[in-house]
């Protein structure tokens, strides 16, 4: 997944002093992520292989990245479509991280948060299955 937002994604980070979005405790946010994961159809969930899901407060851009990069989620790993016979030999699990603060900043209600978490979880799981950002945007999961 690219390190910066794809063009056209309607996310504008708030400036200093601007009111933030919805407030939700870390436990409530984790429950929203768990609910989103439980909503994945069983057949699809069973097809996921060697992937772990984490929650972090915010994405920290790495060296050489735009310091203003905002991500709601991040998939790091080797998509199932790109794995070969050598992949399993000592490979660490793929990693999906859902970023709490950016999601809360763009949401105005609990329902907004639950919806955005679900969309973000589906989006990152789709990357695990080898679906590109462009295709996800075409499908309405951008």
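The values are calculated or read from the model by the stated rules, or taken from the named source; none is laboratory data. Model, not experiment: these values are computed from the prediction. Counting neighbours? That spans all protein chains shown, and the Cβs are built from the backbone with ideal geometry, glycine included.
Being modelled with pLDDT under 90 and either out of contact with any strand residue (DSSP E or B) (no Cβ under 6 Å at 6 or more places or on another chain) or under 19 Å from residue 117 (Cβ atoms) (or both): is that true of residue 80 here?
Against the criterion (modelled with pLDDT under 90 and either out of contact with any strand residue (DSSP E or B) (no Cβ under 6 Å at 6 or more places or on another chain) or under 19 Å from residue 117 (Cβ atoms) (or both)), residue 80 qualifies.
Identify the single condition in (1) in a loop (DSSP other than H, G, I, E, B); (2) surrounded by fewer than 18 Cβ atoms within 10 Å (Cβ to Cβ); (3) within 10 Å of the chain's Cα centre (by Cα) that residue 86 does not satisfy, given that it satisfies every other one.
Every listed condition holds for residue 86 apart from (3).
A quick yes/no check of all residues on (1) modelled with pLDDT of 90 or more; (2) assigned to a loop (DSSP other than H, G, I, E, B); (3) over 17 Å from the mean Cα position of the chain (by Cα):
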| site | (1), (2), (3) |
| --- | --- |
| 6 | no, yes, no |
| 21 | no, yes, yes |
| 27 | yes, no, yes |
| 30 | yes, no, no |
| 35 | yes, no, no |
| 40 | yes, yes, no |
| 53 | yes, no, no |
| 71 | yes, yes, no |
| 91 | no, yes, yes |
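When you check residue 81 against the structure, is it closer than 19 Å to residue 125 by Cα and loosely packed, with under 13 Cβ neighbours inside 10 Å, yes or no?
Numbers: closer than 19 Å to residue 125 by Cα: yes; loosely packed, with under 13 Cβ neighbours inside 10 Å: yes.
Against the criterion (closer than 19 Å to residue 125 by Cα and loosely packed, with under 13 Cβ neighbours inside 10 Å), residue 81 qualifies.
Scan the range 50-75 residue by residue and report those that are in contact with a strand residue (DSSP E or B) (Cβ under 9 Å, 6 or more places away or on another chain), surrounded by fewer than 16 Cβ atoms within 10 Å (Cβ to Cβ) and under 21 Å from residue 102 (Cα atoms).
Of everything in the range 50-75, those that are in contact with a strand residue (DSSP E or B) (Cβ under 9 Å, 6 or more places away or on another chain), surrounded by fewer than 16 Cβ atoms within 10 Å (Cβ to Cβ) and under 21 Å from residue 102 (Cα atoms) turn out to be 52, 54, 56, 57, 58.
Scan the range 104-136 residue by residue and report those that are closer than 17 Å to residue 70 by Cα and touching a residue at least 40 places away in the same chain (Cβ under 8 Å). Break it down stepwise before answering.
Within the range 104-136, the subset closer than 17 Å to residue 70 by Cα is 104-107, 113, 116-117, 119-121, 123-124, 133.
Within the range 104-136, 104, 105, 106, 107, 113, 116, 117, 120, 121, 123, 124, 133 meet the criteria.
I need every pair where a residue in the range 35-49 that is in contact (Cβ under 8 Å) with a residue 60 or more places away in the chain has its Cβ under 6 Å from the Cβ of a residue that is in a helix (DSSP H, G or I), sequence separation at least 6 or different chains.
From residues that are in contact (Cβ under 8 Å) with a residue 60 or more places away in the chain, the pairs are 36/117; 36/118; 36/121.
Residue by residue through the range 55-68, note down the ones that are within 13 Å of the chain's Cα centre (by Cα) and either assigned to a loop (DSSP other than H, G, I, E, B) or farther than 26 Å from residue 28 by Cα (or both).
57, 58, 59
Quick check: is even one residue across the range 98-121 surrounded by 14 or more Cβ atoms within 10 Å (Cβ to Cβ) and over 26 Å from residue 26 (Cβ atoms)?
Within the range 98-121, none of the residues are surrounded by 14 or more Cβ atoms within 10 Å (Cβ to Cβ) and over 26 Å from residue 26 (Cβ atoms).
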